[in-house]
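Report on one structure; see the data block that follows.
The values are calculated or read from the model by the stated rules, or taken from the named source; none is laboratory data. As the structure is a computational prediction, the values presented were derived from the model and not from experiment. Here the Cβ positions follow ideal geometry from the backbone for every residue, glycine too, while neighbour counts run over all protein chains shown. With ligands, DNA and RNA removed, areas are computed over all heavy atoms of the protein, side chains included. Shrake-Rupley method; radii C 1.70, N 1.55, O 1.52, S 1.80 Å.
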Amino acid sequence: MLVLGIESTCDETACAVVKDGRDILSNIVTSQIDLHAEYGGVVPELSCRRHVDVIIPVIEKALQEAKVTLQEIDLIAVAYGPGLIGALLIGLTAAKTLSLAINKPFVGVNHIEAHLYAALMSHPQNITFPCMGVILSGGHTALVRMDDVGSYTLIGETIDDAIGEAFDKVARMMDLPYPGGPQIEALALNGDRLRFDFKPGKVKGSPLDFSFSGLKTAVLYGIRGQNCNATAEQSKLSEQDKADVAAAFQHAAFKDIISKSLLAAKEHNCHTLIFGGGVTNNKTLRQLFSEQAPHLNLLWPSAGLSLDNAAMIAGLGYHVFKKKGKGDTFELQAATRIAF
């Protein structure tokens, strides 16, 4: 089965062709980093305009690279949420239009589920369920028990900022370019994580939930002092200061993620951790997990599948269609939030 996947949940416009849920024939991603960098984050209106401009060329390029025609496609899969409503509508409308034009079914895919499936696509070996899914991205942070592809139970999630969002905001405090994750990671390599005693927040009564808002505020105080002015200039921060802040912040955030992930895996008798989302690109995070969980099977997405992409949408869409036995109707609506 040839599946055409479409992804437009935030600031990447992507299209891919995947065979039988695994074999990636093409995976085209058009980034918008250049568009949003000067604002320090994604501007939804600008994101939508760019999606409209590039979505047809991206689809055409994916088909061309896969060496297939649109008429040879068996199924169209599209991320219908969660994400920015305008961006989602553009991808979903494109999928519905193609479905109508070539008389082939389409299915809506949960973007966050697809991030977890990306790791499964990267590791073809058979997996023994249950597994603990660890979602770490710019918009989402969650622990999910996976009993099979498509069968999930939410175990813990952030009550405020997502981990990737926290990285971006801390980077902005130090006047670093967007996106902040790679900037923080690079600086932390030369920083002293012991110089600042940052601690992540605790959620009362929910030991597996996350809270990064307090950690972000602690970093702000660490940079500008307890009586800080939110609009103060950053000129007094040396490069070493920035490196030390980055190292301490990253260590505190990752320590919290690792401890809760391992606790969740133990409580639910999971011997495999499946990671999804752009923050999983961080080499320090991967190294720390390997050091502290040598007894567990750690499945990371490959480099091309960790950030937002359409191959994971097409791959999961194959399973969604097989499970349903039919496509979705044209009444399917975009969803800014989707509960597990």
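Can you list residues whose amide H is under 5 Å from residue 137's amide H, if they're 5+ apart or on another chain and H is modeled 1.01 Å from N?
Close amide H contacts, sequence-distant or interchain: 163, 164, 279.
Going through region 246-329, which trypsin sites (Lys or Arg not before Pro) have at most 16 other Cβ atoms within 10 Å and a DSSP loop state?
Taking region 246-329 and a limit of 16 other Cβ atoms within 10 Å, the loop trypsin sites (Lys or Arg not before Pro) found are 326.
Can you pull out the trypsin sites (Lys or Arg not before Pro) in region 104-198 that DSSP calls coil and that have at most 15 other Cβ atoms within 10 Å?
195
What 222 nm value per residue comes from the helices of the chain, counting each DSSP H run with n ≥ 4 as -39,500 (n - 2.57) and dividing by all residues, nearest 500 deg cm²/dmol?
-13500 deg cm²/dmol
Under 10 °C and 1.306 mPa s, how fast does region 4-115 diffuse according to Stokes-Einstein, given a Kirkwood radius computed over C-alpha pairs? Answer in µm²/s, whole number. Let's see the in-between values first.
Details: Rh = 14.1 Å.
Rounded, D is 113 µm²/s.
Rounded if a/c is under 1.5, else prolate if a/b beats b/c, else oblate: with a ≥ b ≥ c from the C-alpha gyration tensor eigenvalues square-rooted, which is region 277-320?
Values: a/c = 4.34, a/b = 1.87, b/c = 2.31.
Oblate is the answer for region 277-320, as a/c is 1.5 or above yet b/c matches or exceeds a/b.
Restricting to bridges with both residues inside the chain, how much of the DSSP beta-bridge set is antiparallel, in percent to the nearest 5?
Rounded to the nearest five, the antiparallel share is 60 percent.
State the antiparallel share, in %, of DSSP beta bridges confined to region 1-130, rounding to the nearest 5. Walk me through the numbers before you get to the answer.
On the way: 14 of 23 bridges.
The antiparallel proportion sits near 60 percent.
Rounded to the nearest 0.05, what FRET efficiency is calculated for residue 266 and residue 189 with R0 set to 25 Å and r the Cβ-Cβ distance?
0.25
Just to be sure I understand the model, the point goes 7 Å from the Cα along the line to the Cβ. What's the resulting residue 43 to residue 236 distance in nm?
Placing both labels 7 Å beyond Cα along the Cβ direction yields 3.2 nm.
How long is the gain from residue 52 to residue 35 if the chain were fully straight, where each residue apart is worth 0.36 nm and the alpha carbon distance is subtracted?
Length gained between residue 52 and residue 35: 4.7 nm.
If one computes the Cα centroid of region 280-303 and of region 155-198, what distance in Å separates the two points?
Cα centres, region 280-303 to region 155-198: 18 Å.
D for region 120-243, whole µm²/s, Stokes-Einstein with Kirkwood Rh over alpha-carbon pairs at 25 °C and 0.890 mPa s: what number?
The estimated diffusion coefficient comes to 148 µm²/s.
Which whole-Hz ³J(HN,Hα) couplings does region 329-340 yield from phi under the Karplus relation 6.51 cos²θ - 1.76 cosθ + 1.60, θ = phi - 60°, glycine and proline marked x?
8, 6, 7, 4, 10, 5, 10, 5, 9, 9, 7, 6
Would you compute, for the Cα atoms of the chain, the largest minus smallest coordinate along each principal axis and list the three values in descending order, in whole Å?
63, 45, 32
For 184, 56, write out the residues from largest to smallest accessible area, computed with a 1.4 angstrom probe and no ligands counted.
Ranked from most to least accessible, the order is 56, 184.
Classify region 238-323: rounded, prolate or oblate, from the alpha-carbon gyration tensor (a ≥ b ≥ c, eigenvalue square roots; a/c under 1.5 rounded; otherwise prolate if a/b is larger than b/c)?
Taking the square roots of the gyration eigenvalues as a ≥ b ≥ c, region 238-323 is oblate.
List the relative contact order of region 102-239 as a percent without decimals, with contacts defined as Cα pairs under 8 Å and 6+ residues apart.
Reported relative contact order: 17 percent.
Determine the alpha carbon to alpha carbon distance for each of 169/283; 283/323; 19/266; 204/324 and list only those over 30 Å.
283/323; 19/266; 204/324
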